[in-house]
Amino acid sequence: MPDSKTAVSGTQSAGQKERFIGLEWLRFFLGLYIVIFHTLHTYPSISSWSHYVTDIGFFSTSAFFVLSGFLLTHVYLDDAHRMREPVKSFLLKRFSNLYPIHIGSLILAMSVSALVGYLAIAPGDSDISLRFVVYDVNNDVGQLDWKSLNHTMSPLETGINLLLNLTLLHAWNPLYLTFNPPSWSISALFFFYLTFPWLAPRLRRVLHPRRAMLWVNLIYLIPPLIVVFTTNYGVPETGILHRNPLIRLPEFAAGILLYTFYAQQREAGRSMSPSRQLLALLGVAASIAVALFLLGRGHAWYYLLHDGLLLPAQLTLVYVAAQWREPKSRRIRRLASRLGGASLPMFALHVPLYAVFSRVERVLSGDPGLCLSNFRGCLAAAGDVHLWLYPVFLLLTVLFCIMFQEQFVVRVRRWLLRHLLHKTTRTHVDKMS
């Protein structure tokens, strides 16, 4: 991540924290890409090439973890590299920000799953239930015998996994994803938050952050290398590498170190010139292109790319976005803030939202008038999904997530903080976070 000896533009006045509008835009596009990653492949008409768009979806989640470490370090550490507020206050605020998103999306996902299984509109819907899961593997078993990976949880398993979801521990289940699969990232984020008060002040004091990022990256590659050389890419190793919070912690730690590097460069009056920013982004694009090629060269590459090989590209992307300064337009700044705020709800809500949208579309493309006289016949006459309506789904998802964040999450968060912290005043850190 090269830098030029130029003054940082848009310098903040004394006592005023820098705001990263570029990272708000990046958060939004990472969330949007996750939506595309999990939904675009459902359109048969583009199956011959859509995988080139969706194969690298894990890049977005990893970059989001890096970005989270970067932003939290900026907001919650002071100039002496200490926590700006008590650990209890920090954790309660982070919990109050995550838990409404998680619980709201969990209730929606469980409700939609039960409804989809009952109505059975699309092919395969009749198999869907709250207890239906698929074992995580990264080998040819799924292609050769998909049924062998299907599993119906027992009542005891269902209760245990519901408890794990309610306590934000579900990312620790290495066997399968339950209820609302993408929400494992919220579980991992909460674990990262638990480590932040101890981890961040120490990493913020590192004198050579680039060297430290290299060591973190090398450590991150150890688990996938062990799996590649000792297993057949099955259960539970695939789930462990995919979402185990301890395994994924290096991404968050690298984000903290990235902010340390950024702060050092800023204090030295250095920033990336536009030409070097463009060059860095071209390097990120080249890394993704190489990754797409390697993913077709064997299962081992998926593990290595998923857990470590793309971390330099993710760090570079976040670093470049951090260079983008605030636009003069207040409307654009407000739009970026709202879209960035909707990014985590997009991660959590897009699966049930697409389930609803696609089933409604199927009914409307069949014989919807029949629903008034023969409801089951109307469902049986359901048609197919159409690619030209996909942009409508994306737009509705973004709008819904903005409203969900602003009208539900923010209000529940304020209620929780009033009762958990026993205060109503908004501090500087509250406004920044």
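The values are calculated or read from the model by the stated rules, or taken from the named source; none is laboratory data. Owing to the predicted nature of the structure, the values given are computational and were not obtained by experimental measurement. Virtual Cβ from ideal backbone geometry, glycine too; neighbours counted across all protein chains shown.
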Worksheet item: Of all the residues that make up the range 387-400, how many are under 26 Å from Y118 (Cα atoms) and in contact (Cβ under 8 Å) with a residue 40 or more places away in the chain?
Response: 7
Response to the item:
Selection from the range 267-284 of residues within 15 Å of V318 (Cα to Cα) and surrounded by 12 or more Cβ atoms within 10 Å (Cβ to Cβ) yields S271, M272, R276, Q277, L278, L279, A280, L281, G283, V284
Discussion item. Being in contact with a helix residue (DSSP H, G or I) (Cβ under 7 Å, 6 or more places away or on another chain), of a type in the set (K, R) and either modelled with pLDDT under 95 or surrounded by 20 or more Cβ atoms within 10 Å (Cβ to Cβ) (or both) narrows it down to one residue among R27, R19; which is it?
Written reply: R27
Worksheet item: Has the range 137-158 got at least one residue that is surrounded by fewer than 18 Cβ atoms within 10 Å (Cβ to Cβ), aromatic (F, W, Y) and out of contact with any strand residue (DSSP E or B) (no Cβ under 8 Å at 6 or more places or on another chain)?
Response: yes
Discussion item. I'd like to check which helices (runs of 4 or more DSSP H) are fully inside the range 337-417 and have at least 3 residues that are within 22 Å of S45 (Cβ to Cβ).
Written reply: 343-364, 390-403
Fill in: Y233 being in a loop (DSSP other than H, G, I, E, B), among the aromatic types (F, W, Y) and in contact with a helix residue (DSSP H, G or I) (Cβ under 8 Å, 6 or more places away or on another chain)
yes
Discussion item. Just to verify a result, which residue in the range 304-336, among those that are of a type in the set (G, A, S) and assigned to a helix (DSSP H, G or I), is nearest to V112 (Cα to Cα)?
Written reply: A336
Practice prompt. Give L379, L353, L372, L309 a once-over and let me know the one that is of a type outside the set (S, T, N, Q) and under 22 Å from L249 (Cα atoms).
Written response: L309
Discussion item. Any residue at all in the range 171-180 that's within 30 Å of D78 (Cα to Cα) and of a type outside the set (A, V, I, L, M, F, W, C)?
Written reply: no
Worksheet item: Can you name every residue in the range 141-151 that is without any contact (Cβ under 8 Å) to a residue 40 or more places away in the chain and farther than 20 Å from A171 by Cβ?
Response: G142, Q143, L144, D145, W146, K147, S148, N150
Practice prompt. Return the residue satisfying two criteria in turn: it lies in the range 320-338 and is within 18 Å of the chain's Cα centre (by Cα) and surrounded by 21 or more Cβ atoms within 10 Å (Cβ to Cβ), and of such residues it is modelled with the highest pLDDT.
Written response: A321
Worksheet item: Pick from L199, L203, L177: which is among the aliphatic types (A, V, I, L, M), under 30 Å from S129 (Cα atoms) and crowded, with 16+ Cβ neighbours inside 10 Å?
Response: L177
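Conditions tested, residue by residue: (1) surrounded by 15 or more Cβ atoms within 10 Å (Cβ to Cβ); (2) assigned to a loop (DSSP other than H, G, I, E, B); (3) without any contact (Cβ under 8 Å) to a residue 12 or more places away in the chain.
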{"residue": "S96", "(1), (2), (3)": "yes, no, no"}
{"residue": "Y99", "(1), (2), (3)": "yes, no, no"}
{"residue": "H102", "(1), (2), (3)": "yes, no, no"}
{"residue": "L106", "(1), (2), (3)": "yes, no, no"}
{"residue": "A114", "(1), (2), (3)": "no, no, no"}
{"residue": "S129", "(1), (2), (3)": "yes, yes, no"}
{"residue": "N165", "(1), (2), (3)": "yes, no, no"}
Discussion item. Residue pairs, Cβ under 8 Å, 6 or more apart or interchain, first in the range 314-340 and closer than 10 Å to E24 by Cα, second acidic (D, E). List them.
Written reply: R333/E326; A336/E24; S337/E24; R338/E406; L339/E24; G340/E24
Practice prompt. State yes or no: is F58 within 25 Å of the chain's Cα centre (by Cα) and either farther than 18 Å from L177 by Cα or crowded, with 17+ Cβ neighbours inside 10 Å (or both)?
Written response: yes
Practice prompt. With respect to A285, determine if the residue is assigned to a helix (DSSP H, G or I), among the small types (G, A, S) and free of Cβ contacts under 8 Å to residues at least 12 places away in the same chain.
Written response: yes
Item to complete: Out of F64, F70, report the one residue that is assigned to a helix (DSSP H, G or I), surrounded by 20 or more Cβ atoms within 10 Å (Cβ to Cβ), hydrophobic (A, V, I, L, M, F, W, C) and touching a Phe, Trp or Tyr at 6+ places or on another chain (Cβ under 6 Å).
Response: F70
Item to complete: Being aliphatic (A, V, I, L, M) and modelled with pLDDT under 95 is the filter; apply it to the range 38-74 and report the residue that is farthest from A348 (Cα to Cα).
Response: I46
Worksheet item: In the range 211-219, is there at least one residue being under 24 Å from the mean Cα position of the chain (by Cα), among the small types (G, A, S) and part of a helix (DSSP H, G or I)?
Response: no
